[in-house]
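The values are calculated or read from the model by the stated rules, or taken from the named source; none is laboratory data. Quick caveat: nothing in here was measured; it's all calculated off a predicted structure. Reconstructed Cβ throughout: ideal geometry from the backbone, glycine too, with neighbour counts over all protein chains shown. Surface areas here come from the heavy atoms of the whole protein model, side chains and all, with no ligands, DNA or RNA. Shrake-Rupley method; radii C 1.70, N 1.55, O 1.52, S 1.80 Å.
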Amino acid sequence: MTRGASSPYLKRRGSPLLIAHTLDSSLMDVAAGKQKISRDLVVGLDTPVPVVGGGKKRYINLDNAASTPTLQPILDAVNRFLPWYSNVHRGTGFKSKLSSWAFDQARERIVEFVNADATHQVVLFSRNTTEAVNHLAHRFPFKKSGIVMTTVMEHHSNELPWRKVAKVVHVGVLDDGRIDEEDLQQKLHEYKGRVQLLAVTGASNVTGYINPVHTYARWAHDVGAKIFVDAAQLAPHRPIDMKRHGEPEHFDYLAFSAHKMYAPFGLGVLVGERKTFEQGDPDMVGGGTVDIVSLEEAYWADLPDKEEAGTPDIVGAVALGAAIRLLEEIGWEAIIEHEAELTMHALEKLAAIPGVQIYGDKNPATAYDRLGVISFGVRDLPHALVAAVLSSEWAIGTRNGCFCAHPYVKCLMHVSEKEAREMETKILNRDRSVLPGTVRASFGIYNTIEDVETLCEAVGAIARGEYRKDYVLNVERGEYHRLDMNDHFNEYFDF
Ligand SMILES: Cc1ncc(COP(=O)(O)O)c(C=O)c1O
């Protein structure tokens with residue numbers, strides 16, 4: 001496994017990092033004395049998209065925290081695989097055997113990617129992180145009064161599934177949006193004996209904070225709880241080490257999604273303790289999950305088959321296997337270095353624009369310790385309007401709103417309980433325009449300083465009031481549109 005400093009592709013010549021020429025030159029470009037991830041690698045990168053006034057501009061994708069575009073070597077691997085594609089397991093034809101082999105190889109690659117403890121843990125495929133969390137929630141052996149401890153920072157996917165199966169206790173966040181670690185420790189001790197699981201994100205999809213999850217693992221294990229790490233945001237940007245089963249800082253469970261890792265062909269991953277899934281009946285049953293069935297009985301197959309009902313996403317697994325190989329070839333140091341550089345630049349430039357407020361850590365010096373996910377607002381302009389202007393006038397793809405983390409964004413924006421209740425009433429009455437929120441720019445390995453410069457130029461113009469004033473608000477959707485821009489999508493893509 002290629003991990004950070006040990007990457008054979010990297011050498012340090014002072015700072016910043018230079019990527020050694022051993023790396024396949026097709027992956028890298030030389031730019032301003034430094035090698036960068038080649039932009040040719042990104043499928044559809046420079047696609048022109050329509051903007052206000054009838055023209056077109058090069059699309060700048062700054063919405064990587066939602067989903068990343070695919071990279072050419074991953075698409076190539078999928079295309080190389082497709083002629084061999086067949087259903088997996090138990091097929092006797094050559095293609096079925098080859099497909100089964102590729103599918104199993106992908107699973108092994110994931111074990112190595114997160115350094116899972118293969119004797120104690122199993123990799124289970126799902127559609128995405130959300131399904132993986134739901135899977136674990138339904139299979140975790142909760143006692144009657146068992147507690148899941150989670151935090152206010154979480155994405156809804158690491159909160160709502162737990163509510164259905166256990167009592168949930170929330171750990172608060174500090175004023176700057178970081179997890180309140182005193183509160184975490186205090187609550188772990190307060191609920192000692194009852195707290196069975198700490199479910200926490202590896203990194204925030206709103207502020208880009210990276211949590212010290214190994215330390216949290218130790219704290220959880222100290223009180224007899226297990227830990228689940230939501231690695232949906234972490235996995236594309238940092239190496240993950242689940243550690244050996246007996247180590248105090250190991251992760252018991254982990255989930256992530258391929259579509260955030262340049263492999264948008266489906267597939268989510270749940271890595272978890274075998275014994276959790278060995279006991280009891282699978283949550284979803286059907287083909288593939290059984291050894292033998294009579295009209296009265298069903299005898300479950302061994303893991304992972306027992307937990308993966310129906311035909312799996314074989315192409316998705318191949319794509320994720322290829323994505324893992326590519327990320328490791330590029331090397332974590334190069335990824336971290338590059339994304340930190342973008343983040344640093346964006347924080348410096350955005351903070352200098354009068355009227356722009358950045359939520360969370362604003363300090364460019366900490367760019368290496370966080371993800372390139374920046375949430376911001378512009379004066380008192382609605383977040384939906386700012387995002388609409390960025391898209392319609394500048395061809396910049398961002399995202400706005402609460403990013404499936406409503407409680408967290410409300411905390412960051414200091415929305416009072418009273419305001420929150422009033423908003424709820426309006427939203428339930430179909431007025432989503434009152435939803436609080438920010439605009440989020442999130443970077444991937446292929447974004448450039450020029451992309452950041454264009455974002456900052458655009459945000460600067462918006463902050464100065466330099467944007468068209470005839471956007472129309474759709475109250476029910478909480479979105480701003482331009483009546484002069486018709487989205488004839490079938491002119492761009494058709495089946
Ligand atoms: C931190 C975090 N957890 C979970 C999810 C859910 O991932 P998915 O939509 O792939 O299920 C996301 C998606 O943005 C996320 O950012």
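Considering the stretch 345-354, the residues that are closer than 21 Å to Glu466 by Cβ and in a helix (DSSP H, G or I) include one that is most open to solvent (accessible area, probe 1.4 Å), namely Lys349. Residues considered: Leu295, Leu326. Of these, the only one that is more than 24 Å from Phe140 (Cα to Cα) and open to solvent by 40 Å² or more (accessible area, probe 1.4 Å) is Leu295.
Consider the stretch 138-160 and keep the residues that are within 13 Å of the ligand (Cβ to nearest atom) and out of contact with any Cys (no Cβ under 8 Å at 6 or more places or on another chain). The one that is most open to solvent (accessible area, probe 1.4 Å) is Leu160. Taking first residues from the stretch 483-495 that are modelled with pLDDT of 85 or more and of a type outside the set (A, V, I, L, M, F, W, C) and partners that are in a loop (DSSP other than H, G, I, E, B) and surrounded by 10 or more Cβ atoms within 10 Å (Cβ to Cβ), the Cβ contacts under 8 Å between residues at least 6 apart in sequence or on separate chains come to Asp484/Val52.
Residues in the stretch 252-277 that are of a type in the set (A, V, I, L, M), farther than 10 Å from Thr129 by Cα and within 11 Å of the ligand (Cβ to nearest atom): Met261 only.
Among the residues of the stretch 425-457, those identified as acidic (Asp, Glu) and not in a loop (DSSP other than H, G, I, E, B) are Glu450, Asp451, Glu453, Glu457. State which residue pairs qualify: first residue under 16 Å from Leu41 (Cα atoms) and assigned to a loop (DSSP other than H, G, I, E, B) and inside the stretch 58-84, second residue of a type in the set (Ser, Thr, Tyr) and modelled with pLDDT under 95 in any location, beta carbons under 6 Å apart, and separation of 6 or more residues or different chains. From residues that are under 16 Å from Leu41 (Cα atoms) and assigned to a loop (DSSP other than H, G, I, E, B), the pairs are Tyr59/Thr47. Contact annotation: residue pairs with Cβ atoms under 6 Å, 6 or more positions apart or on different chains, pairing a residue in the stretch 342-367 that is without any contact (Cβ under 8 Å) to a residue 60 or more places away in the chain and under 16 Å from Ala203 (Cβ atoms) with a partner that is in a helix (DSSP H, G or I) and open to solvent by less than 50 Å² (accessible area, probe 1.4 Å), are Ala367/Ala340; Ala367/Thr343. For first residues located in the stretch 385-414 and under 19 Å from Asn205 (Cβ atoms) and hydrophobic (A, V, I, L, M, F, W, C), partners that are in a helix (DSSP H, G or I) and open to solvent by 10 Å² or more (accessible area, probe 1.4 Å) and lie 6+ apart or on another chain with Cβ distances below 6 Å form the pairs Cys404/His156. Would you check if Thr311 is open to solvent by less than 10 Å² (accessible area, probe 1.4 Å), more than 22 Å from the chain's Cα centre (by Cα) and over 21 Å from Ile37 (Cβ atoms)? When the stated conditions are applied, Thr311 does not pass them. Evaluating Ala232 against the criteria (1) surrounded by fewer than 24 Cβ atoms within 10 Å (Cβ to Cβ); (2) assigned to a loop (DSSP other than H, G, I, E, B) leaves one unmet condition, (1). One residue stands out among those in the stretch 95-137 that are within 16 Å of the ligand (Cβ to nearest atom) and part of a loop (DSSP other than H, G, I, E, B): the one that is most open to solvent (accessible area, probe 1.4 Å), which is Arg127.
Taking the criterion of being open to solvent by less than 10 Å² (accessible area, probe 1.4 Å) and under 30 Å from Thr343 (Cβ atoms), would at least one residue in the stretch 185-196 satisfy it? Looking through the stretch 185-196, none of the residues is open to solvent by less than 10 Å² (accessible area, probe 1.4 Å) and under 30 Å from Thr343 (Cβ atoms).
Considering the conditions (1) away from the ligand (no atom under 16 Å from the Cβ); (2) open to solvent by less than 60 Å² (accessible area, probe 1.4 Å); (3) farther than 27 Å from Gly246 by Cβ, Thr92 is excluded by exactly one of them, (2).
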